[in-house]
Structure formats: structure tokens, C-alpha cells
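To start, the structure itself, in C-alpha cells.
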Amino acid sequence: VREALQRLIQEGLLRSEPHRGVFVPVMTPEDVDDIYLVREAMETAAVRRIAGTSRAVSSYKTLDKVVRAMETAEKADDWNTVANRDLDFHTALVAAADSPRLVRMFTTVISETRLCLGVLSAAYDARGDLVEEHRRISDLIRDNDAEGAVAVLKKHFDDGVVTLKRRLAARDGAQAG
């Protein structure tokens with residue numbers, strides 16, 4: 001149990017306070033900015049490593065399957081599944097770069113993202129363009145357009161940060177009121 005707690009603390013999913021205990025961290029707007037800054041850097045590196053190589057076609061096929069699952073969930077108004085497939089998409093994107101170190105670093109960041117989205121789960125139903133953005137990213141990778149895919153990815157993250165910060169503000173306002 002101690003080892004598991006230490007691992008969760010190391011991954012940023014728990015916070016340890018000496019002589020007080022272990023706590024789930026409270027997500028702040030600064031945390032959202034920082035998580036998405038790191039994700040953007042990692043996923044941009046992954047896109048640039050994939051596009052223009054023999055990995056592009058196989059990556060597209062993997063990403064396309066995830067996007068189709070997102071579309072099915074969206075049509076069913078199943079936003080929990082959309083959220084899970086969203087994270088699967090980004091995990092598959094990084095894995096397609098075929099860099100063990102990038103995957104290892106990303107694993108920690110995507111865990112923090114899951115924590116963030118778990119706290120703010122209602123954010124997904126406010127993003128009607130979510131599936132389309134993922135479709136465009138995968139299509140641009142297929143077409144070997146790294147810069148186009150990076151531009152859509154950046155917009156995707158920027159929109160996500162705005163949405164999550166709104167949810168944080170609403171949560172904090174509800175708790176204060």
C-alpha cells in the first residue's frame with residue numbers, strides 16, 4: 001500500500017503533507033494550464049515524429065478507430081464514453097510516435113488529465129466540436145500534414161483549457177455559495 005501511495009504521489013495524483021496524511025490535490029486554473037502546456041509539447045512532438053514517416057498510415061488507422069468510437073458515443077449522448085475515447089485517442093497518438101520515454105512521461109500527464117476531467121466531468125457535453133477536432137487531427141496525420149495537425153491540436157487544447165477553467169470557476173462558485 002505504501003508503494004502504491006508513493007507512486008500516486010510521484011505521479012501527482014495524490015499530495016502528501018508531513019504529519020497530516022495523503023490527500024487528493026485540488027485542481028486549480030494554474031494546474032489546468034500546466035497540464036495542457038506539457039500535453040501540447042508532448043503531443044506536438046509525437047505528431048511531428050509520426051507525420052511524413054511510414055508510421056503515418058498505421059497511426060491513422062489506430063486513431064480512426066478511436067474517432068469512430070467517439071462518434072458512436074456522441075450520437076448516443078454518452079459523454080462519459082466520449083471522454084474516455086478522447087483520452088484513448090491522445091494516448092494512441094503518443095504511442096504511435098514509438099518513443100518509450102515520451103510514452104513514459106505522457107503516462108503521468110494523462111493520469112493527471114484523468115484526475116482533472118474526473119473532477120470536471122460535465123465539461124465534455126459543452127464541447128460539440130470535440131469529435132470533429134479528433135477527426136481532423138487523424139486525417140491530417142494520414143495526409144502527412146504535421147503542421148496542420150499541430151495547429152488543430154493546439155486549438156483543441158486551447159478550447160479544452162477554456163472549458164475546464166469555466167467548470168473550475170463554476171465548481172468553486174458553487175462551493176463558495
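The values are calculated or read from the model by the stated rules, or taken from the named source; none is laboratory data. This is a predicted model, so every value here is computed, not measured. We place every Cβ from the backbone using ideal geometry, glycine too, and count neighbours over all the protein chains shown. Heavy atoms of the whole protein, side chains included, go into the accessibility calculation; ligands, DNA and RNA do not. Shrake-Rupley method; radii C 1.70, N 1.55, O 1.52, S 1.80 Å.
Can you run down the residue pairs with Cβ atoms below 7 Å, 6 or more apart or on separate chains, where the first is in region 28-55 and closer than 21 Å to G160 by Cα and the partner is among the acidic types (D, E) and assigned to a helix (DSSP H, G or I)?
I35/E112
Contact list please: Cβ distance under 7 Å, first residue in region 154-169 and over 21 Å from S138 (Cα atoms), second residue among the small types (G, A, S), pairs at least six apart or on different chains.
Within 7 Å, the pairs are T163/A123; T163/A126; L164/A123; R167/A122; R167/A123.
V26 passes all but one of (1) open to solvent by 60 Å² or more (accessible area, probe 1.4 Å); (2) part of a helix (DSSP H, G or I); which number fails?
(2) is the only condition that V26 fails.
Counting only residues that are more than 17 Å from the chain's Cα centre (by Cα) and assigned to a helix (DSSP H, G or I), which one in region 139-165 is surrounded by the most Cβ atoms within 10 Å (Cβ to Cβ)?
Among those that are more than 17 Å from the chain's Cα centre (by Cα) and assigned to a helix (DSSP H, G or I), it is I141.
Can we say D86 is in contact (Cβ under 8 Å) with a residue 12 or more places away in the chain and either in contact with a Leu (Cβ under 7 Å, 6 or more places away or on another chain) or within 25 Å of A170 (Cα to Cα) (or both)?
Yes; evaluated as a whole, the condition is true for this residue.
Can you name the residue in region 96-106 that is open to solvent by 60 Å² or more (accessible area, probe 1.4 Å) and touching a residue at least 12 places away in the same chain (Cβ under 8 Å) and is also nearest to L8 (Cα to Cα) among such residues?
Out of the qualifying residues, it is M105.
Any chance you could count how many residues in region 36-84 are open to solvent by less than 60 Å² (accessible area, probe 1.4 Å) and among the polar types (S, T, N, Q)?
The total comes to 5.
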